[in-house]
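The numbers here are math on the coordinates, done by the rules we state, and not lab data. Model, not experiment: these values are computed from the prediction. Please note: Cβ atoms are built from the backbone with ideal geometry, for glycine as well, and neighbour counts cover all protein chains shown.
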Amino acid sequence: MADLSLFDLTGKKALVTGAAVGIGRGCAVALARAGADVVIVDLNESAGKRTAAELRGLGRKSLFVSCDVTQKDQVQAMVRHVAEQFGRLDIAVNNAGIGILGADEEIDQAAWDKVLAVNLTGVFLCAQAEAQQFLRQSPVEGKIINIASMSATISNCNASYNGSKAGVVQMTRMLAAEWGRFNINVNCISPSYVLTPMHASTPVAVRQRIRELTPLGHVQRPEDLYGAAIFLASAASNYVTGHDLMVDGGHTLNAWLTPLSRSVPPRVAPDEETVQLKHDLDVLGLSYDSDGINPALHPEIADAFKAAFGL
Ligand SMILES: NC(=O)c1ccc[n+]([C@@H]2O[C@H](COP(=O)([O-])OP(=O)(O)OC[C@H]3O[C@@H](n4cnc5c(N)ncnc54)[C@H](O)[C@@H]3O)[C@@H](O)[C@H]2O)c1
């Protein structure tokens, strides 16, 4: 039998922010499946409690903690509460993030401030509180995983979103350099376009174009991040720090943005892409069609894709 103990998270105590649905829920499920007990941190109490119950169904300890990651007092209290409930903290995934679309020549400062507050300040406040908790424990050590985006590297959304994500990548490097002396690993994961509630309105023609522009040939799902999350949370990554792990099916490699032809089908068929998206929409109590589309949820994202792709 294979020895997978390097990736085993049995008994580890984790928190994931923005974990009610989407990528955060996916990371929480991945860590729980690898053996960790996981706290679901989110603003959305009803969905967060459902996700915590789902993890308990996997045989792990899980609870929901309400927290706005932009508020330092709430973040500090959240981390203290996690440590009290679980006895310690070993792994933290700082995932909560938002985007507000709009042309940069027009966008108002309130939108800029809000995106930076959640995506950059929120990640910093969480990382700081988590590092403080790791320093209170014996032995001192821990794993911090920040969710950045390919938008840190390419130019595809707008200045607030792309700038905040670039900030997450460089902040990750800085914190990794500073906190290596505490045996704290700080890394980030950069997904591409992931079928989460954020993208629930994107029509099938947009999804098909994304498939054509992605070497591995299918639209990204939260499941496609499971392996990266477990790797960066586990002993398998003990000598990896300050890294930005791009998990994008090769999307950002296709610099010419020309449709790719395939000779074999992708590993994931179109109907398999939406399994977790439909589950997320169930968790949120929202309806969807057979393609997992809810046109009312962030229609501005679907419009931006259609404009960018000329659809
Ligand atoms: N979906 C994508 O295509 C994609 C791609 C690359 C990176 N990302 C990043 O991944 C992360 C998750 O994205 P998603 O698509 O799952 O988003 P989502 O909108 O589907 O879910 C985000 C979750 O975060 C929670 N949240 C929002 N603001 C919060 C706050 N201030 N405090 C606590 N919780 C908060 C929401 O309630 C929600 O449950 C974000 O950082 C996003 O920028 C997403």
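Between a first residue in segment 22-42 that is within 9 Å of the ligand (Cβ to nearest atom) and a second residue that is assigned to a helix (DSSP H, G or I) and of a type in the set (Phe, Trp, Tyr), which pairs have beta carbons less than 7 Å apart while being 6 or more apart in sequence or on different chains?
That search, which allows pairs on different chains as well, returns Gly26/Tyr226.
Suppose we filter segment 37-61 for residues that are more than 17 Å from the chain's Cα centre (by Cα) and surrounded by fewer than 23 Cβ atoms within 10 Å (Cβ to Cβ); how many remain?
Selection size over segment 37-61: 12.
Residues to consider are Ala205, Ala235, Ala200; find the one that is aliphatic (A, V, I, L, M) and surrounded by 21 or more Cβ atoms within 10 Å (Cβ to Cβ).
The conditions single out Ala200.
From Ala14, Ala2, Ala28, which residue is surrounded by fewer than 23 Cβ atoms within 10 Å (Cβ to Cβ) and among the aliphatic types (A, V, I, L, M)?
Ala2
In segment 176-203, which residue that is in contact (Cβ under 8 Å) with a residue 60 or more places away in the chain and farther than 25 Å from Ala307 by Cβ is nearest to the ligand (Cβ to nearest atom)? Can you show your working first?
At the first step, the residues of segment 176-203 found to be in contact (Cβ under 8 Å) with a residue 60 or more places away in the chain are 176-177, 180, 191-192, 194-203.
Adding the requirement that they be farther than 25 Å from Ala307 by Cβ leaves 176-177, 180.
On the way: Ala176: 19, Ala177: 23, Gly180: 24 Å.
Checked segment 176-203; the qualifying residue nearest to the ligand (Cβ to nearest atom) is Ala176.
So how many residues does segment 221-243 have that are within 14 Å of the ligand (Cβ to nearest atom), out of contact with any Asp or Glu (no Cβ under 7 Å at 6 or more places or on another chain) and not in a helix (DSSP H, G or I)?
Result for segment 221-243: 0.
Scan segment 25-33 and tell me whether some residue there is farther than 20 Å from Gly142 by Cα and over 17 Å from the mean Cα position of the chain (by Cα).
no
Can you find a residue that is away from the ligand (no atom under 11 Å from the Cβ), basic (Lys, Arg) and closer than 30 Å to Tyr239 by Cβ anywhere in segment 146-165?
Within segment 146-165, not a single residue is away from the ligand (no atom under 11 Å from the Cβ), basic (Lys, Arg) and closer than 30 Å to Tyr239 by Cβ.
Inspect all residues belonging to segment 118-127 and state whether any of them is farther than 13 Å from Asn94 by Cβ and crowded, with 18+ Cβ neighbours inside 10 Å. Give the derivation first.
From segment 118-127, those farther than 13 Å from Asn94 by Cβ are none; that's our starting set.
No.
Before we move on, is Ser151 more than 26 Å from Leu9 (Cβ to Cβ) and in contact with a Cys (Cβ under 7 Å, 6 or more places away or on another chain)?
Yes: the conditions hold for Ser151.
Among (1) closer than 21 Å to Ala127 by Cα; (2) polar (S, T, N, Q); (3) more than 9 Å from the ligand (Cβ to nearest atom), which single condition is Ser46 missing?
Only one criterion is unmet by Ser46, namely (1).
Are any residues in segment 208-220 surrounded by fewer than 22 Cβ atoms within 10 Å (Cβ to Cβ) and assigned to a loop (DSSP other than H, G, I, E, B), and if so, which ones?
The answer is Leu213, Pro215, Leu216, Gly217, His218.
Among the residues of segment 244-293, which ones are crowded, with 20+ Cβ neighbours inside 10 Å, of a type in the set (S, T, N, Q) and in a helix (DSSP H, G or I)?
Gln276
Going through Ala92, Ala77, Ala53, Ala96 one at a time, which residue ends up being of a type outside the set (D, E, K, R), within 16 Å of the ligand (Cβ to nearest atom), in contact (Cβ under 8 Å) with a residue 40 or more places away in the chain and farther than 17 Å from Gly142 by Cβ?
It is Ala96.
Got at least one residue in segment 108-115 being surrounded by fewer than 21 Cβ atoms within 10 Å (Cβ to Cβ), of a type in the set (A, V, I, L, M, F, W, C), within 28 Å of Leu281 (Cα to Cα) and over 19 Å from the mean Cα position of the chain (by Cα)? Steps first, answer last, please.
Taking segment 108-115 as the starting set, the residues that turn out to be surrounded by fewer than 21 Cβ atoms within 10 Å (Cβ to Cβ) are 108-114.
From the residues that got through so far, the ones that are of a type in the set (A, V, I, L, M, F, W, C) too are 110-112.
Remaining after also requiring within 28 Å of Leu281 (Cα to Cα): 111-112.
Now restrict to residues that are over 19 Å from the mean Cα position of the chain (by Cα): 111-112.
Yes, that holds for at least one residue.
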